[in-house]
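Everything below concerns the one structure shown next.
The values are calculated or read from the model by the stated rules, or taken from the named source; none is laboratory data. Predicted, not measured: the structure shown is a model, and the values here were computed from it. Cβ atoms come from the backbone with ideal geometry, glycine included; neighbour counts cover every protein chain shown. To get the accessible areas, we keep the full protein, side chains included, count just its heavy atoms, and leave off ligands, DNA and RNA. Shrake-Rupley method; radii C 1.70, N 1.55, O 1.52, S 1.80 Å.
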Amino acid sequence: SDSFQDVVVKIERPTYPKPFLGGFKNRITGVEFHNAGSQTIPKKRPDKGIQVFCRETQTVFEKNKPQQTGNTTSTQMTKIGLYVSNVTDKLVTSGKYLTAEEYHKRRLEAVIVLQKYFRRWHAINVVQNLREEKMLRLAWEAQEESRRKKEKEERLRREHEQRLNPKTKEDFELLFRALELWRQEETEQINRTLTGVERKAALCGLLEQEAQLIASIGRHKLNADEENHQKAVLQFLDKCAQPKRWKAFDGKITEVDTQYTLRARELFEVYSSVSVNDVPKDERIDVLLTLRRTVKEHECKLTLEIVELIDREVDLMSREVKEYNLEGLRKRICTLFLQYIKTPKFNPEVARILKVPPDPLKLYKNVNFCHSCENYLPSTEFPVPANSQTIGRCRLCCKLDNEARRRETILKYKLVLENLRKSEADYQDEAKIVFLVQHQDLQYMIETIWGCQSALSACSDLYDLVMVRWNKQHEWSPWNTILLTKDEADAHLKLCNLEMAYEAAFIHRIKQKHIRAKNYFARIPAMMSFLHRSDNQANAN
């Protein structure tokens, strides 16, 4: 009893499920108890050397065979002492003998009759289907024509509305373009109908009318700039007050407010309240007191000036001064408070949105000199085409020069470029060239290389023209593009083999345009790598 010994117990895992031999369940605890089963491996049956399980022993073959059994019958005829009625008897006589040739001839005639009726039925169905397809096609064409007409009317109505109430840069470009077209028509009519002193007088009158129209456009521009400035300020403050957002792995958007975004939102609400006009006197005083408490958190020259203006307005309101006499003071308060909001010391969130960085040393980076207005501006203020080798004039100088001389509108080319970039982004093949090309380069391609018309139908409406890939297997480039209408572009992109779809002369003409585009863009250093890559792909093909 005092000795211990280690015994090795070999446990054999069962190779078969343990049989259930019964048991019971405790109703109180719910525990199940099974009867013990033997762990001994069952004895295998000896192999008799005979295959027991096979397809032959488990397959039954059935066979059906008809059998004819014997049937004994008898006939009865009339005789002495027996009468059999012949009322129901039939007289059978042999008919005309039908030869095999005549039989097959009859069958052939019957088959021909059946074929005629079937072909007639089939022809009726084919014609009916063609008629239905034609009706659907005509209805679709009428619908498309109506859609195009409505789009054109809507575009013209929108352009007319933009000319009557211009608000954006594009609206004023359209307005100046319409003015230039009107001036050219009037000048042409004067030169065609008048001569001598009358012509000079008419041209002077036309010049005065043009000056009056330009002055009227300038007044509209001032009003639009004021409205756009207020909208831009509100959008700027709302952008500062937006919470931090990011997308999680499951696609859900997570938003988090920081102390800086909460501070920006508070200042945005105060500014919105201060900038509202036509409010009761008591509410205006409450808003001014809230503004005073907000700015008195920091002591500086700006906040002291805002507090002084607030006290002045409250004093004038207590003296029953008219509302229109306080407009200048209120605008000054809004301007100073906006300056307060744009200061990163008082609103840290605004530092990441300001165009002018708080650090003066950063202003020396990416700054260029405009020889026209003689101002130092950031590089983003200079429109640089893809073929430009020097920094030219800034955007504002180019805009003034366009309004004074050419008065051209680039809205159509911007729309073509936007549609092209959207279509290239849908391919998701990391296209890069389309984002290097500017609207000036696209304007040169459309006007000089493609002649402002579709390569197939010669349609010259730029609002209906789009640029797509010539070979959709390669990314878009000036030497892999074609100018078509929207419907033609949809049909072109569905083609699999261009050589079979187009004639050789048309393909040769398109290749010549691609060569012209290559020669134009070959002078651009940024395009050289893409040109070499496209040449390598062409050689590989």
In whole percent, and with a 1.4 Å probe on the protein chains, what portion of the accessible area of the chain is carbon and sulfur?
54
Let me know the shape class of the stretch 213-259, please: from the alpha-carbon gyration tensor, a ≥ b ≥ c as square roots of the eigenvalues, rounded when a/c is under 1.5, otherwise prolate if a/b is greater than b/c, or oblate.
prolate
Kirkwood-based Rg/Rh on the Cα set of the chain evaluates to 1.29
Gain in length, residue 93 to residue 56, computed as 0.36 nm per residue apart minus the alpha-carbon separation, to one decimal in nm?
7.5 nm
Spit out the partnerless Cys residues in the chain, using Cβ distances under 4.7 Å as the pairing rule.
54, 204, 240, 300, 334, 373, 397, 398, 452, 459, 496
Scoring the chain by relative contact order with C-alpha pairs under 8 Å, at least six apart, yields a percentage of 7
Residue-span extension gain [residue 199 to residue 187] - 0.36 nm each, minus C-alpha spacing:
3.4 nm
Enumerate the amide H contacts of residue 368 below 5 Å, restricted to partners 5 or more residues apart or on another chain; note that Pro and chain-start residues carry no placed amide H.
377, 379
Additional length obtainable on full extension of the chain from residue 9 to residue 48, 0.36 nm per residue less Cα span
10.5 nm
Per DSSP H run of at least 4 residues, take -39500 (n - 2.57); add these up for the chain, divide by its residues and hand me the 222 nm value, nearest 500 deg cm²/dmol.
-17500 deg cm²/dmol
Applying the Karplus parametrisation 6.51 cos²θ - 1.76 cosθ + 1.60 with θ = phi - 60° to the phi angles of the stretch 221-234, what ³J(HN,Hα) value in whole Hz is obtained for each residue in order, glycine and proline being reported as x?
5, 4, 5, 5, 5, 5, 5, 5, 5, 5, 5, 5, 5, 5
How would you classify the stretch 1-151 from its alpha-carbon gyration tensor, with a ≥ b ≥ c the square roots of the eigenvalues: rounded for a/c under 1.5, else prolate if a/b is greater than b/c, otherwise oblate?
oblate
Which FRET efficiency, nearest 0.05, do residue 146 and residue 487 yield, Cβ-Cβ r, R0 22 Å?
0.90
Under 5 Å from the placed amide H of residue 450, counting only residues 5+ away or on other chains, we find none
Roughly how many nanometres apart are two label points built 7 Å out from the Cα toward the Cβ at residue 161 and residue 458?
3.6
Taking a ≥ b ≥ c as the square roots of the Cα gyration tensor eigenvalues, with a/c under 1.5 meaning rounded and otherwise prolate when a/b beats b/c or oblate if not, the stretch 418-539 comes out rounded
Return one whole number: the accessible area per residue of the stretch 134-190 in Å², for a 1.4 Å probe.
75
Any idea of the accessible area per residue across the stretch 254-354, 1.4 Å probe, to the nearest Å²?
59
Give me the Debye-computed log₁₀ of I(q)/I(0) at q = 0.21, 0.22, 0.25, 0.26 Å⁻¹ for the stretch 169-239, equal point scatterers on Cα only, no solvent, two decimals.
-0.90, -0.95, -1.06, -1.10
Taking only protein heavy atoms and a 1.4 Å probe, what accessible area per residue, in Å², does the stretch 447-531 have with all protein chains in place?
50
